[in-house]
Amino acid sequence: MHYGPGVLLAAQQVNKHFARVHALRDVTLQVPEGSIGLLGPNGAGKSTLLKILLGLMPPTSGAAQVLGFDATSRSLDLRQKVGYMPEQDCYVAGLDAVEMCTYAGELCGLPTREARERSHAVLAFVGLEDKRYMKVQTYSTGQKQRVKLAQALVHDPELLLLDEPTNGLDPRGRDEMLTLITELPRRRGCSIILSSHLLPDVEAVCDKAILLNEGQVVFSGDIAEMRGEQRDAVEVRVKAEPEKLSGALEQAGCRVSARDGALWVHLPEGGDADLVFSQALEQGIQIRHLAPVRQTLESAFVRLLEGQPGGQPGDQPGGQPGGQAGEGG
Amino acid sequence: MGIRDMGYKPYEGDLLPHRSRYRVLIRRALSLAWASGLVKTTLILGAFPVVICGVVMFLKLQAIQYVSKMAAGQAQGLISDPGDLVFTTIYWCQIWFAFVISLLVAAPTIAEDVRTGAFQFYFARPVSRNHYLVGKVAPVAILVAIISMGPALALAILRLALAGSGAEAASNLKWLLGTLVYGPLYALVLALPPVALSSLGRRAGGIQGLWASIFFLSWLLGEGVAAGANLPYLALLSIPTDLRLVGQLIYGLPPAYAIPWVLPAAVLLALVGGSAYLLLRRLGRVEVFS
Amino acid sequence: MADHLSKWYGKVVGINDFSVEIGPGVTGLLGPNGAGKSTFIKLLVGALRPSKGKLEVLGERVWGNRRVLGRIGYCPEHDGIYDDLTGAEFVAAMGRLGGMSADEAARRGLETLEQLGLAKAAGRLLREYSKGMRQRAKLAQALVHDPELLLFDEPLTGCDPLARVQITKMIKALGGAGKTVIVSSHILHEIESMTDEIVLLYKGQVLAEGNIYQIREMIDNHPHQIRIECDRPRELGQRLVASEDVRAIEFPGEEALVLETANPDGCYPLIPRLALEQGIKIRALTSPDNNLQAVFEYLTRDRGPEGVAPRDAQGRRS
């Protein structure tokens with residue numbers, strides 16, 4: 001099977017059986033290069049899939065290719081081009097940060113001198129310049145996270161696998177980590193697979209996602225597609241007197257429902273935001289927020305996993321019937 | 001010219017082939033071992049016995065010459081040829097140091113890796129299982145060889161150098177050749193089993209205790225009971241004793257126990273082979289990612 | 001309620017001259033590492049004794065006071081070591097520690113486990129639980145004795161998104177039922193999804209307390225930002241610049257403009273009026289830094305790099 005350039009990973013009918021568990025079922029994927037989120041509930045098979053993609057475990061049946069290399073037969077070459085930032089502790093006892101990154105580089109085939117140079121550069125990139133000569137086992141959580149990122153970058157990978165990269169970091173640390181991660185594809189053109197339960201992080205970094213559940217692929221594609229944006233509904237927040245506005249809008253032909261402190265306004269045929277604004281001006285109401293209704297990744301996640309068909313954000317479970325041909329995942 | 005981009009840059013240099021990994025792993029393990037104060041001390045202290053033995057060898061040879069001049073012919077066999085000091089050194093003197101090295105370096109090694117999550121470090125890279133295993137066993141074997149085979153070779157060469165005639169040298173060549181055969185086996189026996197043991201758990205201290213118990217208790221059981229109860233075959237249980245018997249066989253010395261030589265050899269081979277098998281099996285099943 | 005509270009560990013200050021009052025409902029407790037959050041929490045659960053000042057929990061001093069401890073539920077960040085118990089046993093044991101009888105504890109234990117979706121796993125050993133399940137078991141033991149004050153330290157670690165949604169709903173419900181719930185977390189959007197009331201700690205002191213949006217309005221040196229997505233931003237910008245309320249305008253992209261104002265009440269009505277007059281179609285009107293992430297950044301960045309745009313609700317920098 002020949003996959004052209006631009007395909008990050010591909011899997012055909014990958015199955016994996018453990019003793020009593022069917023961990024992956026007929027997983028078939030074709031994912032282009034870019035930043036991709038790997039999502040799914042606990043036990044969905046994400047780590048099994050990652051192990052198979054890295055060639056650390058052969059699938060029971062089926063095949064997978066990553067960056068053009070077959071995952072099972074050319075695993076060593078494949079791992080040359082992949083950097084992995086694990087979720088748990090990962091260090092070699094007795095080494096300081098520079099030594100550890102140098103070692104990491106050497107193990108990828110970089111000559112020692114180059115590895116050491118890269119090691120210093122990469123540690124500067126992740127912001128550990130001041131502490132790089134201290135032993136890694138003495139680091140705080142945030143520093144350990146940064147070292148993990150550094151050792152994944154030393155050999156300049158084409159694909160970066162990140163597993164809960166912001167674990168244990170305080171808000172500033174999370175921010176800095178996410179900034180580093182988003183900067184990488186821009187600078188280097190590498191692809192990223194981000195596995196995380198923190199969906200807002202995934203939204204900030206990735207534009208595509210793979211959603212697994214019980215070993216099967218539930219969704220694979222753009223995040224925007226997964227969320228679904230409705231052109232003809234807007235979410236509106238006002239400073240005061242929302243009822244006045246909703247009354248006026250309903251008279252003007254909109255369907256308005258109130259949720260969580262905001263108004264969801266379904267516009268009539270041919271209407272747009274101007275309608276809302278003009279009504280608000282007439283009524284003397286200050287609009288403080290108006291945006292097309294868009295689901296969060298979280299609600300899309302929940303929806304997809306509960307198997308509800310279509311994504312009508314205006315629907316309450318068991319509530320109003322939708323009448324809109326919205327775009328749902 | 002202009003402003004330099006200080007940020008992350010791609011790597012455009014050479015890459016070394018996969019087999020260079022062996023060297024990288026071994027080199028790093030050796031430097032980590034050397035960084036430990038205890039290991040350094042052991043290696044340095046381990047150099048002393050050989051000096052003493054060397055002096056004894058020299059003096060003995062002088063004594064033999066003197067005696068044979070005084071009582072021509074009759075003194076044959078009065079003082080034994082000091083060539084056997086080679087075996088005495090490699091076994092009786094150096095085994096303690098070799099054991100300490102295996103305790104400090106080999107026994108904790110894989111358990112530590114499990115604890116610190118180093119598997120994810122190694123195997124996310126182009127490092128195969130074989131690279132990793134050789135990278136664990138070889139450094140220990142090298143250190144043990146340095147501490148045991150090194151002094152023995154030195155003494156063997158000394159014996160040859162002190163040989164009065166070509167014929168004497170020829171008859172003493174066996175010390176050198178024997179060491180070249182015995183040394184590697186010795187190193188493997190002290191390297192593979194503890195590394196295999198260390199793949200069984202997470203706590204380095206526990207594994208070290210286990211290895212020490214196996215080594216010394218088996219020695220006690222084997223030699224103590226065997227000698228006391230006159231059951232020579234029981235001596236096979238003791239790893240050090242097996243090593244001793246095989247050494248005596250290789251150097252052509254009279255064996256300590258009346259056992260056919262195949263048996264201790266077989267025990268040692270089984271030990272080494274079994275350890276290798278255990279390692280390959282354990283590493284096949286280790287979780288790399290959560 | 002804490003009044004001029006201080007706690008020192010030898011020379012090292014944990015918290016210093018700390019005064020805050022927290023009432024019923026859900027309150028978020030946040031701050032960078034080293035700000036004193038864990039010290040404060042330990043003081044609240046009676047694990048530490050104040051060095052100076054007064055601390056009253058549910059109207060009583062809490063250090064050494066077992067009765068009041070029975071009315072507090074605490075879910076710590078770190079894992080306990082009760083691997084050999086089953087889920088049900090663990091929760092029941094915690095209940096008995098809180099003063100319940102054995103039967104009641106067992107019954108309530110199963111109830112709370114069910115509430116948290118662990119009914120089926122209640123009979124299995126804790127050792128076999130996944131990380132998310134252990135987290136939920138810890139939450140169950142905090143709830144089992146039906147306490148009035150609940151302290152959750154990083155309650156959602158290890159939980160997958162489904163569990164997050166469920167537990168967030170539960171926490172909001174508890175707050176709505178009149179209990180005092182304090183949630184400490186580094187993950188700001190978690191706190192945002194649970195409550196609008198926060199206490200922000202910084203360098204051992206209370207830097208801010210109250211409603212997020214009110215706090216935002218109080219931050220003077222970062223005037224209110226309004227982002228307008230429309231088809232002709234520069235034209236709209238031209239009209240807006242004429243207004244005195246507008247302090248600065250930026251054009252982060254081809255179809256957007258961000259303006260800064262010290263008087264949002266003046267700007268908000270102005271924008272749609274100008275747009276409608278000119279026939280400019282506005283697609284979206286938002287306030288990108290009116291969220292907890294921005295509040296946190298503005299308050300804790302020590303004169304840091306100005307001009308670093310905060311993340312908007314989607315986490316992207318403008």
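Only alpha carbons enter this Debye calculation for the protein assembly as shown, each as an equal point scatterer, and the log10 of I(q)/I(0) it gives at q = 0.07, 0.10 Å⁻¹ is -0.74, -1.26. Percent of C-alpha pairs per 10 Å bin in region A:229-294, short distances first: 24, 65, 12. In summary, the aspartates and glutamates within cross-link reach of B:Lys136, defined as a Cα separation below 15 angstrom excluding same-chain residues under 8 places away, comprise B:Glu112, B:Asp113. What the Cα convex hull of region C:223-288 gives, in volume per residue, is 70 Å³. Classify region B:14-101 from the C-alpha gyration tensor, please: rounded if a/c falls under 1.5, else prolate or oblate depending on whether a/b exceeds b/c. Note, shape of region B:14-101 comes out prolate. Computing Rg and the Kirkwood Rh from the Cα coordinates of region A:148-205 gives a ratio, Rg/Rh, of 0.93.
Work out the mean other chain Cβ neighbour count within 10 Å for the residues of A:84-91 and drop it here as an integer.
Counting Cβ atoms of other protein chains within 10 Å of each residue's Cβ and averaging gives 6.
When the charge dipole of the protein assembly as shown is built from unit charges on Cβ atoms (+1 for Lys and Arg, -1 for Asp and Glu) and taken about the Cα centre, the candidate among B:Val50, A:Thr182, C:Thr195 whose Cα reaches farthest toward its positive end is B:Val50. The mean number of partner chain beta-carbon atoms within 10 angstrom of a residue's beta-carbon across peptide B:19-26 is 3. Candidate cross-link partners of B:Lys60 among the lysines, defined by an alpha-carbon separation under 21 Å and a same-chain spacing of 8 or more, comprise B:Lys69, B:Lys174. Stokes-Einstein, applied to the Kirkwood radius of region B:29-282 over Cα pairs at a viscosity of 1.306 mPa s and 10 °C, places its translational diffusion at 81 µm² s⁻¹. Simple spin-label estimate for B:Arg281 and A:Thr60 gives 2.3 nm between the two label positions (7 Å along the Cα-to-Cβ direction from each Cα).
Can you give me the relative contact order of chain B as a percent, contacts being Cα pairs under 8 Å and 6 or more apart?
20
Considered as an equivalent ellipsoid built on the Cα gyration tensor, region C:110-257 has semi-axes of 44, 19, 13 Å, the largest given first. Per the Debye formula on identical point scatterers at the alpha carbon atoms of region A:7-224, with no solvent, log10 I(q)/I(0) at q = 0.10, 0.15, 0.16 Å⁻¹ is -0.43, -0.97, -1.09. Beyond a 31 Å Cα-Cα separation, which of these cross-linked pairs lie in this structure: A:Lys135/C:Lys172; A:Lys131/B:Lys9; A:Lys81/C:Lys37? Where the Cα-Cα span goes over 31 Å, the pairs concerned are A:Lys135/C:Lys172; A:Lys81/C:Lys37. Here chain C was treated as a single set of alpha-carbon atoms; its pair distances binned every 10 Å from 0 give 6, 23, 26, 20, 14, 8, 3, 0 percent. Relative to the Cα centre, the charge distribution of the protein assembly as shown, modelled as +1 at Lys and Arg Cβ and -1 at Asp and Glu Cβ, gives a dipole magnitude of about 3820 debye. In region B:223-281, the C-alpha radius of gyration followed by the widest Cα-Cα span (Dmax) gives 12.5, 39 angstrom.
Each peptide among C:65-73, B:120-128 gets the average number of other Cβ atoms lying within 10 Å of its residues, and from highest to lowest they stand as B:120-128, C:65-73. Charging the Cβ of each Asp and Glu at -1 and of each Lys and Arg at +1, and nothing else, the dipole of chain C about its Cα centre rounds to 940 debye.
Annotation: Cα Rg of region A:161-275 relative to the compact-globule expectation 2.2 N^0.38 Å equals 1.48. Across all C-alpha atoms in region A:1-78, the radius of gyration and Dmax reach 12.1, 38 Å.
For region A:1-155, a crude dipole built from +1 on the beta carbon of Lys and Arg and -1 on the beta carbon of Asp and Glu, taken about the Cα centre, is about 320 debye to the nearest 20. Taking every C-alpha pair closer than 8 Å and separated by at least 6 residues, the mean separation divided by the residue count of chain C gives a relative contact order of 17 percent.
Short-range pairs are left out: with C-alpha atoms under 8 Å and at least six residues apart, the relative contact order of region A:33-96 is 20 percent.
A protection proxy built from the mean count of other Cβ atoms within 10 Å ranks the segments C:164-175, C:285-296, most packed first, as C:285-296, C:164-175.
Of all DSSP-defined beta bridges confined to chain A, some 70% are antiparallel rather than parallel. Summing Lys and Arg as +1 and Asp and Glu as -1 over all other residues whose Cβ lies under 12 Å from the Cβ of A:Val27 gives a net charge of +1. Charged neighbours of C:Lys179, selected by a Cβ distance under 15 Å, balance to 0 (K, R count +1; D, E count -1).
Toward the positive end of the charge dipole of chain B, with +1 on the Cβ of Lys and Arg and -1 on the Cβ of Asp and Glu, the farthest Cα among B:Gly178, B:His131, B:Gly252 is that of B:His131. Among C:Cys159, C:Cys75, the order by Cβ neighbours within 10 angstrom, fewest to most, reads C:Cys75, C:Cys159.
The calculated FRET efficiency for C:His78 paired with A:Glu250, based on their beta-carbon distance and R0 = 45 Å, is about 0.30.
Exceeding 27 Å between C-alpha atoms, which entries from my cross-link table qualify? They are A:Lys244/C:Lys281; A:Lys148/C:Lys120; A:Lys16/C:Lys131; A:Lys208/A:Lys239. Result: A:Lys148/C:Lys120; A:Lys208/A:Lys239 exceed 27 Å.
Have a look at the DSSP beta bridges in region C:2-211 and tell me what percent are antiparallel, nearest 5.
45
The alpha-carbon of C:Lys179 sits under 20 angstrom from the alpha-carbons of these lysines, leaving out residues fewer than 8 places away in its chain: C:Lys42, C:Lys138, C:Lys169.
Placing unit charges on the Cβ atoms of the charged side chains and taking the dipole of chain C about its Cα centre, the candidate lying farthest along the positive direction among C:Pro264, C:Phe90, C:Phe152 is C:Phe90. Annotation: the antiparallel percentage among DSSP beta bridges lying fully within the protein assembly as shown is about 65.
The numbers here are math on the coordinates, done by the rules we state, and not lab data. This structure is a prediction, so every number in the text was calculated from the model and none was measured. Cβ atoms come from the backbone with ideal geometry, glycine included; neighbour counts cover every protein chain shown.
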